1. Normalised by the residues of region 1-102, what does the relative contact order come to in percent, with Cα pairs under 8 Å and at least six apart?
2. What FRET efficiency do you get for residue 74 and residue 31 if R0 is 25 Å and r is their Cβ-Cβ distance, rounded to the nearest 0.05?
3. What base-10 log of the normalised intensity I(q)/I(0) is obtained for region 1-56 from the Debye formula, alpha carbons as equal point scatterers, at q = 0.15, 0.19 Å⁻¹?
4. With a cut-off of 8 Å between alpha carbons and a minimum separation of six or more residues, what is the relative contact order of region 30-175 in percent?
5. Applying a 10 Å radius around every beta-carbon, put 69-75, 129-135 in order of their mean neighbour count, most first.
6. Do the sum for the chain: with -39,500 (n - 2.57) for every DSSP H run of n ≥ 4, divided by all residues, what is the mean residue ellipticity at 222 nm, to the nearest 500 deg cm²/dmol?
7. If one takes the longest principal axis of the Cα atoms in the chain, at what angle in degrees, from 0 to 90 and to the nearest 10, does the Cα axis of helix 67-77 lie?
8. Please state the relative contact order of the chain as a whole percent: Cα pairs under 8 Å, 6+ residues apart?
């Protein structure tokens, strides 16, 4: 199973993503340069963290116009899984693939720390194997990670179960003290209404091995793999018997 790791000028977590994915049995990742125009050979897409195009203008605002983003948008609309971490989350919002926006941290300072998140939705393509209420530990490193949405969008996110992760304390309580950047309602990660595009500010790629202090990030990549496998089995079972015999 092959994942694409998109490289923009200024990406600096692409190597982390590649190493994390390639370290998991059954998964393989390859870089895709931002000037490429097709992702047909890949089963899933990862937009890594960093500072795409130096984050000039606004985080992700220039990256959204990269040639590869046309394929990201097209493939996401066809149902392919897309994961955006940190700067990748910002790019997905700028591209209109996720609602809301990421703005300056409420402290107006860069935040680099380990955070705890509570799983709010346990049956998303990205959280299989995580019970609702389970706690995940991952690092954050950002200056513009404060998630914001207008009241109507926020109501839709909650009503449609699109809020996948919230910042919490180590007891799972959603409290202001656990919020590293001032995100509205402690939101750490959301998905689109269809459920196949997921963005989060913490770095699962930097929490995929116990030697890094946490292996919780690997759960997200493994969940993606399980989702794709299940989809393949469903597709195969729906094929006519004659076609299966020929195959």
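Every number here is computed from the coordinates shown, using simple stated rules; none is lab data. Every value quoted in this text rests on a predicted model; they were computed, and no experiment measured them. All Cβ positions, glycine included, derive from the backbone under ideal geometry; neighbour counts span all protein chains shown.
1. Details: 201 pairs, mean separation 29.3, N = 102.
That works out to 29 percent.
2. Working: r = 20 Å, r/R0 = 0.79.
Computed FRET efficiency for residue 74 and residue 31: 0.80.
3. One equal scatterer on each Cα of region 1-56 leads to -0.40, -0.61.
4. Working: 230 pairs, mean separation 31.0, N = 146.
So the answer I get is 21 percent.
5. Values: 69-75: 18.7, 129-135: 13.4.
In descending order of packing, they fall as 69-75, 129-135.
6. On the way: 6 runs with 65 residues, N = 247.
One gets -8000 deg cm²/dmol as the mean residue ellipticity at 222 nm.
7. Computed tilt is about 70 degrees.
8. Working: 550 pairs, mean separation 46.4, N = 247.
Worked out over the chain, it gives 19 percent.
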